[in-house]
Amino acid sequence: MIYADVIVDISHEKLDRSFQYLVPGELEREIRVGMVAAIPFGNGNRERKGYIVGLSQKPRYDPAKLKPLYRLCSGEETTESRLVSLAAWMRERYGSTMAQALKTVIPVRKKVRAKEKRYLYLNIERDEAEKLAESLEKKHCRARARLVRALMSESPMEYTKASGELGMTAGVLKPLAEQGVVKVSQNEVCRLPEVVRQAPKEPAAELTNVQKEALGQIRNEWQKKTARPVLIHGVTGSGKTQIYMKLIEDTVAEGKQAIVLIPEIALTYQTVRRFCGYFGDKVSVLNSRLSQGERYDQFRRAKKGEIQVIVGPRSALFTPFSRLGLIIIDEEHEQTYKSETSPRYHASEVAVKRAEMEGARVVFGSATPSLESYTKAVSGEYLLVKLNERYRNRSLPNVSVVDLRKELRAGNRSVLSRTLKEAIEERLSRKEQTMLFLNRRGYAGFVSCRSCGSVLKCPHCDVALSEHNNGKMICHYCGYERETVKKCPVCGSPYIGGFKAGTQQIEQVLHKNFPEAGILRMDYDTTRTKGSYEQILSSFAAHKADILVGTQMIVKGHDFPDVTLVGVIAADLSLNAADYRSAERTFQLLTQAVGRSGRGKRQGEAIIQTYHPDHYSIQAAAEQNYEKFYQEEMGYRTLMDYPPAAHMLSVLASGEEEELLEKGIGYIRKFAERVSPGPKLHIIGPASAAVGKVNDVYRRVLYLKYREERTLLEIKDKIEKYIEINPGFRKLYIQYDFE
């Protein structure tokens, strides 16, 4: 016997409220998760429709009390049913519960009251209205007469205008409405995000021959019966967005819809302006800074087909389009496309799966593709399209690398090197703009020497040790630890420790050194309020400031023609993060940062400050040479069995009882060893997570590495079943994370 879990109201916020039904024998072969089914519901067995969200061979209740399904509505596939199927795949792939997957995929959980606007209409002929106004004036009913005369010149009139400018009250309006003189109507108003309302209408720029050739390659691929995902690898400023627009135009011409994912809310401002300029009111935006009403209205418009293009970060991937034709993931290498909560999905993987389910196409774009995507492209799994020159043959910026060890030896202890300071002074004198970038994200308390540049690393995992408050330095991959040092073990210098400066301190240094300069700061603290991103970026674009200093959000995809200098304050912050991807992250960040300079008609310059000027990731970024970096980094990944050379599964366990947690994660390791396909499975840990304790909840992690992904998926499934049948794990929370 098979039993089906069914959700009746997919729009309800409690998506884990499902009902179980018996599946009739004749439907057992046909039924699958995501289907719409007709079910008996309520005391009178009234027929309703619901969504199949789970199938099992074990009933949760007494089988004698379960009602059978009426039938499957196989011809009634809906947008919601496809999203339910996607949630089921995510639950299986990433090891979450179905409720967690559904709450991720079904975006509208609460219905919001529609916004309405009232209007007044003159409901009689003009001659009759003139006579009525004169009659009202003779009777000293001046307020009513004033309203009638106003409507003679402006009908319809907004209710708020009539009450505000004319002083209309309910007592004035009521008799006129009862006599049929004035008609009151209510029209629903769509709450449009401010960035959409204010976007200017601008045509897209003409494509260059290189762009046309790239567009032709993609269109040829799309002619195939099963088109591969496309990776556009273009240098910074090569014009990938213009190609996206043409591909969206093709999709909209087919009567289909497109989703454009961007990695940061900060990118919404410029991206939406470009797309609105080309597609007009066919475009809207989704992000966490919208009000509940704005989000509700955008999802509703998308479902009704009033929007053809939606722009937004990761969550916009689940926009309920009924005719989805294209998913574009811009800056596909960004970490923000990876969810940090269960299900710990990656937007790139889910995009490919959703496109496969709905017959849509997928396009990735980046100047610095992730190693995973580029490996798939060079192997032929993706179509690789290259843009090797900037738009209209503009030059890449001149890049110089400053050795901060030499600055210290020369007596300069400022966060600004002498070279960078002089370059800023030169830009200020020429009325050009500067961007200064500090990469604080990924900083996890690594310890480095300011004299020789050496970093204390784990001898087993080749990642930086993280400094903890208990006087220990710990590796969060294998658990290796050692005492915190006071002197550099390489050169003996006392200048050893963590990097302390933040964007606020850098802003203070800039004010002190350049008191006449206009300075804007863009980081978490200055972008907490609604509209703050747009306000800062629009001010900088309007040249209301000379210098913009900020974190990662300022170096991703922005296009400011007057910026001719980019300074990277400390490249080593990402280089020494406790992560096997630290070199990749550093190369990507530096390349993207350098690419913000010289995007207009004037030559750009970039200055990278570092304690490791000879590191291959910094050298490759300075040369803007992706291929050089890829070959070097893949050599290390292959040697250490890190993705994409191999696959890696993380088992993340948390619980309030530390002893129980240690015991539980230890049992999981032993079980993984028991079901291992052989010695080629490499198990690391268990070790403390990067943050080992949060709100009195302890966290541990176990890493499993293997060349074949399918094997790791099978091990994950076996671990899930092992945990399910062992009651000792009930006080622990287990999550899974791939790569």
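Each reported figure results from applying straightforward, stated rules to the coordinates on display, with no laboratory input. Everything numeric in this text was worked out from a predicted model, so none of it was measured. Cβ coordinates were reconstructed from backbone atoms using ideal geometry, including for glycine residues, and neighbour counts include every protein chain displayed.
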Point to revise | Residues whose placed amide H lies under 5 Å from that of K472, excluding near-sequence neighbours | key: T484
**Study point:** Under 26 Å from K174, Cα to Cα: lysines that are on another chain or at least 8 residues apart
**Key:** K115, K117, K131, K138, K139, K161, K183
**Study point:** Equivalent ellipsoid dimensions for segment 471-614 as semi-axes, Å, which come from the Cα gyration tensor, largest first
**Key:** 33, 17, 16
**Study point:** Reachable lysines from K628, criterion Cα separation under 19 angstrom, eight or more residues apart if same chain
**Key:** K376, K386
Point to revise | Calculated Rg and Dmax of segment 227-368 using C-alpha coordinates, Å | key: 13.9, 39
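If each residue of separation counts as 0.36 nm, what is the full-extension length gain between L660 and C73 once their alpha-carbon separation is subtracted?
Numbers: separation 587, 0.36 × 587 = 211.32 nm, distance 4.74 nm.
Fully extending the segment from L660 to C73 adds 206.6 nm.
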Exercise for review: Set the Förster distance to 41 Å, then compute FRET efficiency between F671 and E356 from the Cβ-Cβ distance, nearest 0.05.
Suggested key: 0.80
Practice item. Extending each Cα 7 Å along its Cβ direction at D696 and I725, get the distance between those two points in nm, one decimal. Key: 3.5 nm
Study note, to complete from the structure: Of the listed pairs K472/K705; K670/K705; K693/K718, those with alpha carbons more than 19 Å apart are K472/K705; K693/K718
Revision key, fill the gap. In nanometres, the difference between 0.36 nm per residue of separation and the alpha-carbon distance of E627 and A253 is 131.0 nm
**Study point:** Inter-label distance for T341 and T169, nm, one decimal - labels placed 7 Å from Cα along Cα-to-Cβ
**Key:** 5.0 nm
Review point. What is the projected area of the convex hull of the Cα atoms of segment 542-693, averaged over all directions, in nm²?
Key: 12.8 nm²
**Study point:** Rounded if a/c under 1.5, otherwise prolate or oblate - segment 386-442, Cα gyration tensor axes
**Key:** prolate
Point to revise | Distant-in-sequence amide H partners of L383 (H built 1.01 Å from N, under 5 Å) | key: V230, L231
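How large is the convex hull of the Cα atoms of segment 673-734 per residue, expressed in Å³ as a whole number? Walk me through the numbers on the way to the answer.
Values: hull volume 6.0 nm³, N = 62.
Convex hull of Cα atoms, per residue: 97 Å³.
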Point to revise | Within straight-line cross-link reach of K421, lysines at Cα separation under 16 Å, skipping those fewer than 8 residues along the same chain | key: K406, K431, K512
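Ranking request for peptides 633-646, 569-582, 616-629: highest mean number of other beta-carbon atoms within 10 Å first, then the rest in descending order.
On the way: 633-646: 16.4, 569-582: 23.5, 616-629: 19.8.
Result, highest mean Cβ count within 10 Å first: 569-582, 616-629, 633-646.
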Check your understanding: Once you put a point 7 Å from the Cα of R32 and another 7 Å from the Cα of K431, both along the Cβ direction, what distance in nm separates them?
Key -> 6.4 nm
**Study point:** Full-stretch length increase - A177, M634 - with 0.36 nm per residue and alpha-carbon distance subtracted
**Key:** 156.9 nm
Exercise for review: Provide, for q = 0.05, 0.06, 0.10, 0.11 Å⁻¹, the log10 of I(q)/I(0) from a solvent-free Debye sum over equal Cα point scatterers in the chain.
Suggested key: -0.32, -0.46, -1.12, -1.29
